[in-house]
Amino acid sequence: MKLTIDDVRSRFIKHFDGTTGSVYASPGRINLIGEHTDYNNGYVFPGAVEQGIIAEIKPNGTRNVRAYSIDLKDYTEFSLDDDKGPSASWARYIYGVCREMMALDVPVQGFNTAFAGDVPLGAGMSSSAALESTFAFALNDLFGDNKIEKMELARVGQRTEHKYVGVNCGIMDQAISVLGKKGSLLRLDCRSGEYEYFPWNPKGYQLVLVNSQVKHTLAGSPYNERRLACERTAAVIAKKHPEVKSLRDANYEMLEEVKPEITDEEYRRSRYVIGEIDRVLKVCDALQKDDYETVGQMMYETHYGLSKEYEVSCEELDFLNDIAKEEGVTGSRIMGGGFGGCTINLIADELVANFKKVVSKKFEAKYGKKPILIDVVIGDGSRKLC
């Protein structure tokens, strides 16, 4: 069921003083192609979705933030002047955004807030970025006279992840959450911060997410180990090619040249990233020609690379990808950081109904539970609702 303003407002009225404030929203995201390229200074190609976070916010005349998570049924209160912040993990996202906005000289004051989301947790659709973007956008509007430009609001969310949550993420999730535009995908250059919108109104095709319900987590060693492997390889290449600052600047020939000097694991991780950066550009070119077969081929190549070279897949995601191939789906791949979550599938209209039926039946037969199917509608980024 789609989350509405009334769902949030009724809880805000109940938990605070019976009055109402301003309501803001930010979306989760899909990423058509370009996984694990962001922290390698490459390109990504995400789109905002209709699901996201909605928050009601009202200044309360104090230096304290009083926050209620509707989904978790949890309340916390913290001072904007407390250097440590709250212990509840969900509240640290709000605290971090407040502190980072204050560092940008936005005169943030205390406020009451209640919020909820309909982004599936653990599905790789970036509910955390949606939460950060909602509060960054809202605080800029309420206290900052909208003086902070949108890309900097995205960086506020990224810095919150780094400094207050402990996830050394790239900029993609926050950028698309803030900058998303209905009916468009965003090609983002993660090195320069430059971005370009590409129309997304495919005739004859639909995007469907298949959520394996295998929970993924990015915090901890698997994510950081892969990032370090890429950085080590880039450093080795740079000894012979000083112009290489990251894998964004490398090519297959350079990688082959240093193969004897790096581990097999570092070679495979880096080969995937170099190929993926190129695939993003090929998909953008293909979309301008309405060439969805090439888009689909690139998606399958990405899944292979994520599964066999970057090794962030799992049995359930590979099984879903195999079903997609068997059913004639144009393109299918892991979406998100991996280790669980969703596949994203580009499907010809006439195959959608049968694919949904078959994938549900086969997945349940093998794993004892049905996957969650999500139709993708590309929506707008951060905004004020009322």
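The values are calculated or read from the model by the stated rules, or taken from the named source; none is laboratory data. Here the structure is a predicted model, which is why all the values come from computation and not from measurement. Positions of Cβ are generated from backbone atoms using ideal geometry, with glycine treated the same way; all protein chains shown enter the neighbour counts.
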Considering L186, L207, which residue is closer than 20 Å to A129 by Cα, not polar (S, T, N, Q) and not in a loop (DSSP other than H, G, I, E, B)?
L186
How many of the residues making up the stretch 336-362 are at negative phi and touching a strand residue (DSSP E or B) at 6+ places or on another chain (Cβ under 8 Å)?
13
Taking the criterion of being within 30 Å of V280 (Cβ to Cβ) and under 20 Å from the mean Cα position of the chain (by Cα), would at least one residue in the stretch 3-16 satisfy it?
no
Tell me which residues, restricted to the stretch 19-50, are polar (S, T, N, Q) and over 10 Å from the mean Cα position of the chain (by Cα).
T19, T20, S22, S26, T37, N40, N41
Quick check on the stretch 329-345. Is at least one of its residues surrounded by fewer than 20 Cβ atoms within 10 Å (Cβ to Cβ) and either touching a residue at least 40 places away in the same chain (Cβ under 8 Å) or within 25 Å of P202 (Cβ to Cβ) (or both)?
no
Only residues that are modelled with pLDDT of 95 or more, within 19 Å of G170 (Cβ to Cβ) and of a type in the set (A, V, I, L, M, F, W, C): list them for the stretch 209-234, please.
A229, C230, A234
Given the stretch 29-112, what strands (runs of 3 or more DSSP E) lie entirely inside it while holding 3 or more residues that are farther than 30 Å from I347 by Cβ and touching a residue at least 60 places away in the same chain (Cβ under 8 Å)?
46-59
Can you confirm whether the stretch 227-242 contains a residue that is without any contact (Cβ under 8 Å) to a residue 40 or more places away in the chain, touching a Gly at 6+ places or on another chain (Cβ under 9 Å) and either assigned to a helix (DSSP H, G or I) or surrounded by fewer than 14 Cβ atoms within 10 Å (Cβ to Cβ) (or both)?
no
Those residues that are within 15 Å of the chain's Cα centre (by Cα) and not small (G, A, S), I need them from the stretch 104-150; list them, please.
D118, V119, P120, L121, M125, L131, E132, T134
Pairs, please: C-beta under 6 Å, at least 6 apart or cross-chain, first residue touching a residue at least 12 places away in the same chain (Cβ under 8 Å) and in the stretch 258-269, second part of a loop (DSSP other than H, G, I, E, B) and surrounded by 13 or more Cβ atoms within 10 Å (Cβ to Cβ)?
R269/Y310
Please find, among G170, G110, the residue that is farther than 30 Å from L32 by Cβ and either touching an Asp or Glu at 6+ places or on another chain (Cβ under 8 Å) or modelled with pLDDT of 95 or more (or both).
G110
Answer with yes or no whether F319 is in contact (Cβ under 8 Å) with a residue 60 or more places away in the chain, of a type in the set (F, W, Y) and more than 30 Å from S22 (Cβ to Cβ).
no
Being loosely packed, with under 15 Cβ neighbours inside 10 Å and not acidic (D, E) narrows it down to one residue among K282, K308; which is it?
K308
Limited to the stretch 80-107, what total is found for residues that are surrounded by fewer than 22 Cβ atoms within 10 Å (Cβ to Cβ) and of a type in the set (A, V, I, L, M, F, W, C)?
8
